[in-house]
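Heads up: the structure comes next, in structure tokens.
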Amino acid sequence: VLEHMAETPGYGVFHLDGQAVMLEDYLRIRPEKEEELGELLRSGRLVAGPWFCMPDLWLVSGEALIRNFNRGMDSIGGFGAKAAAVAYTPDLFGHI
């Protein structure tokens, strides 16, 4: 999707399900794409975060949720971008 977005200005917006972890994974494989990825995030064409990884709300403490949230915000901020304004959490495991 990232390759297609970069090549297609009219593509619009792609949302990464509220997570930021895959940005680091992608850059481990394609480190030469860091600036391009940052530009997509800064322009709002790629939306990630605010979570670092999608939390399992049943199994973690409140502190773990806050740390996950903060790490996600820091990860996106490292690109000079802002994380999604809504803490999107799909029903992965069943909400409590």
Residue within region 83-90 that is touching a Ser or Thr at 6+ places or on another chain (Cβ under 8 Å) and either open to solvent by 50 Å² or more (accessible area, probe 1.4 Å) or part of a helix (DSSP H, G or I) (or both) present: no
Residue identified as hydrophobic (A, V, I, L, M, F, W, C), over 15 Å from Gly18 (Cβ atoms) and in a helix (DSSP H, G or I) among Leu65, Leu40: Leu40
Long-range neighbours under 7 Å by Cβ, at least six apart or interchain, first residue surrounded by 14 or more Cβ atoms within 10 Å (Cβ to Cβ) within region 18-37, second in a loop (DSSP other than H, G, I, E, B) and β-branched (Val, Ile, Thr): Gly18/Thr89
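Condition check: of a type outside the set (Lys, Arg), touching a Ser or Thr at 6+ places or on another chain (Cβ under 7 Å) and without any contact (Cβ under 8 Å) to a residue 60 or more places away in the chain. Does Phe52 satisfy that? So that I can check it myself, show each step before the final result.
Values: of a type outside the set (Lys, Arg): yes; touching a Ser or Thr at 6+ places or on another chain (Cβ under 7 Å): yes; without any contact (Cβ under 8 Å) to a residue 60 or more places away in the chain: yes.
Here the answer is yes, as Phe52 does meet what is asked.
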Considering residues of region 1-17 that are in a loop (DSSP other than H, G, I, E, B) and aliphatic (A, V, I, L, M) only, the residue least open to solvent (accessible area, probe 1.4 Å): Leu16
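The values are calculated or read from the model by the stated rules, or taken from the named source; none is laboratory data. Remember, predicted model here, so these are calculated numbers, not experimental data. Cβ atoms come from the backbone with ideal geometry, glycine included; neighbour counts cover every protein chain shown. For accessibility, only protein heavy atoms count, side chains too; no ligands or nucleic acids. Shrake-Rupley method; radii C 1.70, N 1.55, O 1.52, S 1.80 Å.
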